[in-house]
Structure formats: C-alpha cells, structure tokens
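Chemist: Here you go, one structure.
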Amino acid sequence: CGAKPVPSVRRPLHSNHAALRNKKEQQEAIEHIDEVQNEIDRLNEQASEEILKVEQKYNKLRQPFFQKRSDLIAKIPNFWVTTFVNHPQVSALLGEEDEEALHYLTRVEVTEFEDIKSGYRIDFYFDENPYFENKILSKEFHLNESGDPSSKSTEIKWKAGKDLTKRAGQTPNKAGKKRQHEEPESFFTWFTDHSDAGADELGEVVKDDIWPNPLQYYLVPDMDDEEGEGEDDEEEGLEDIDEEGDEDEGEEDDDEEGEDGEVW
C-alpha cells in the first residue's frame, strides 16, 4: 500500500500576524535609529566647526609666544641641529654631511594657514653656508576643498659639487649608527619628494611633535656621555673599595702589633 501523505503544518493566523508586526516594528526602529544618527552626525559637524574656531583663535594667540621663543632659541648655537639629531625619527634620516649642513640652520618656523584645515608651511632659515645659496628653504602642504593633499617646496640652489641629494651612501651620523640605519637618503631629498603629501612623516613630525616643544629634544642627554660617566663612577667606586680595603688591612696589622707589644 502506498505511503500516506504527510499533512502540511498550518501555522496559526495570529502567529503570522505577530511576525509581520515584529518585522514592521524592527523596520520602524531602524528608521528611528537612522534619524537619531543623523542628529548625532549633525552635532559632530557642529562640534568640529566650533573646535576649529577655537583652534583658530588660540593659534593666533600663540603666535607672539612662538616669536619670543624663536628669538631666545637664536641665542643658543646649534639648537636646531641638536634637536633634530636627538629626535629618533629625524636622526634616522641624517647622514654626516646632512648634519654638517644643518649646523648652519638658525631658525625653524611652522605656520598653519589661517583656516588651519587647508594646510601649513615649514620654513628653515640658514646662514651663509658652503652647500647651497638659499637663505630659506620651505615646504608647504595643502588640502583642497575635495580633500586631496598636495605639497610644494623651494628649489634648492646647490653650490658646485655640493648637492647632498645626489651623494649615494652617506655615512650615517652617530645617532643613525645607534639605530643601525645604513646609508640613509639625504635629509634634503625631503624637499623634492612630493609623492605622498597626505602621509608626509617628516612634515608631520616637525609640525606636531618637534615644533610644539623643541626644547624637550634639545635637552635629551647624550647616551654616550652618560655611559662614559657611568663607567667613570664605577671605576671610582672600585678604587674607593680598594682604598678602604687597604686601610682595613693596615688597621688589622696595627692591632696585631699592639697585642704583641702589650706588657702584663
């Protein structure tokens, strides 16, 4: 005999209505969430505008202090080359000849454009030097209305045979050797590199890390000097111990002589 057909399960009508109602409620909840999110986004945009206005205000207020700081820095020889050599990321880009050229660097200035969001410029001021004719080397970073980054810089007028960007295999400076960076590209190639203006690491380091407080890097102690001092201290300590040992031995000898020479 043939198999009996399995009767289809009929769901209660009220169950279908409940599922439809739940689906409708979920859809309404999603629409309300989207509306609330739009409000949050609107407030975030408003906050960004307000923050930008505050930043613009305080950027203007900071300018006289930046100027005063620059005037004071000018009284300290080799301030900027020392600062760059002491900075871990910048020092990795410096060869010995770069460092020599940077000894003529007298002033660094970072200027954010008035609206701040459209970009900034970094100016390097140099004394007369044997490497190039320029008194000022600058690099600007721009962000257009579409959000596309770009950069431009001063063309370096190298003196004959002094173009550091064409010297392959510069000897790393002392700090660079510590970090095991062999044959670094010249620091000055940065002025000709516009390949990725939106991710210019050196520009961001100078603007966001060094410029706000260069003194913290200028004052970084030389690790070689510290190690040398530590070794001297250890040697002095060992000498003191030896001297104390000799004194103790002398005292013991005196005590023994005193005991032998006592009269009862």
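The values are calculated or read from the model by the stated rules, or taken from the named source; none is laboratory data. Note that the coordinates shown come from a computational prediction; the quantities given were computed from them, not determined experimentally. Glycine also receives a Cβ, built like all others from the backbone with ideal geometry; neighbour counts cover every protein chain displayed. The area values use the complete protein model at the heavy-atom level, side chains included, leaving out ligands, DNA and RNA. Shrake-Rupley method; radii C 1.70, N 1.55, O 1.52, S 1.80 Å.
Chemist: Please compute the modelled spin-label separation between ASP208 and ALA19, points set 7 Å along Cα→Cβ, answer in nm with one decimal.
Modeler: Inter-label distance under the simple model: 5.2 nm.
Chemist: Okay, moving on. Counting C-alpha atoms alone, how compact is the stretch 21-90: give Rg to one decimal and Dmax as a whole number, in angstrom.
Modeler: Radius of gyration, then largest Cα-Cα span, for the stretch 21-90: 25.3, 79 Å.
Chemist: Filter LYS117/LYS157; LYS57/LYS117; LYS75/LYS207 down to the pairs with a C-alpha to C-alpha distance above 25 Å, please.
Modeler: Exceeds cut-off: LYS117/LYS157.
Chemist: I want to check the label-to-label distance for THR189 and GLU96. Put each point 7 Å from Cα in the C-beta direction and report it in nm to one decimal.
Modeler: 1.9
Chemist: How high is the relative contact order of the stretch 32-176, given as a whole-number percent (alpha carbon pairs under 8 Å, six or more residues apart)?
Modeler: It comes to 20 percent, rounded to a whole number.
Chemist: Still on this structure, please answer the following. Rank these by accessible area, largest first, 1.4 Å probe: GLU99, GLU35.
Modeler: From most accessible down to least: GLU35, GLU99.
Chemist: Using a 1.4 Å probe on the protein heavy atoms, what percent of the accessible area of the stretch 17-130 belongs to carbon and sulfur?
Modeler: Ligands and nucleic acids excluded, carbon and sulfur give 55 percent.
Chemist: To continue, here is another question. Work out, step by step, the length gained on full extension between ALA47 and SER146: first 0.36 nm times the residue separation, then minus their alpha carbon distance; give nm to one decimal.
Modeler: 33.6 nm
Chemist: Another one. For the stretch 74-119, what is the convex hull volume of the alpha-carbon atoms per residue, in Å³?
Modeler: Spelled out: Cα convex hull of the stretch 74-119, divided by residues, is 100 Å³.
Chemist: Using a simple spin-label model with points 7 Å from Cα along the Cα→Cβ vector, what separation in nm is obtained for ASP127 and LEU215?
Modeler: Label-label distance for ASP127 and LEU215, simple model: 2.3 nm.
Chemist: Right, here's the next one. Quote to one decimal, in nm, the extra length available between ILE136 and GLU109 on full extension: 0.36 nm per residue of separation minus the C-alpha distance between them.
Modeler: Numbers: separation 27, 0.36 × 27 = 9.72 nm, distance 1.06 nm.
Fully extending the segment from ILE136 to GLU109 adds 8.7 nm.
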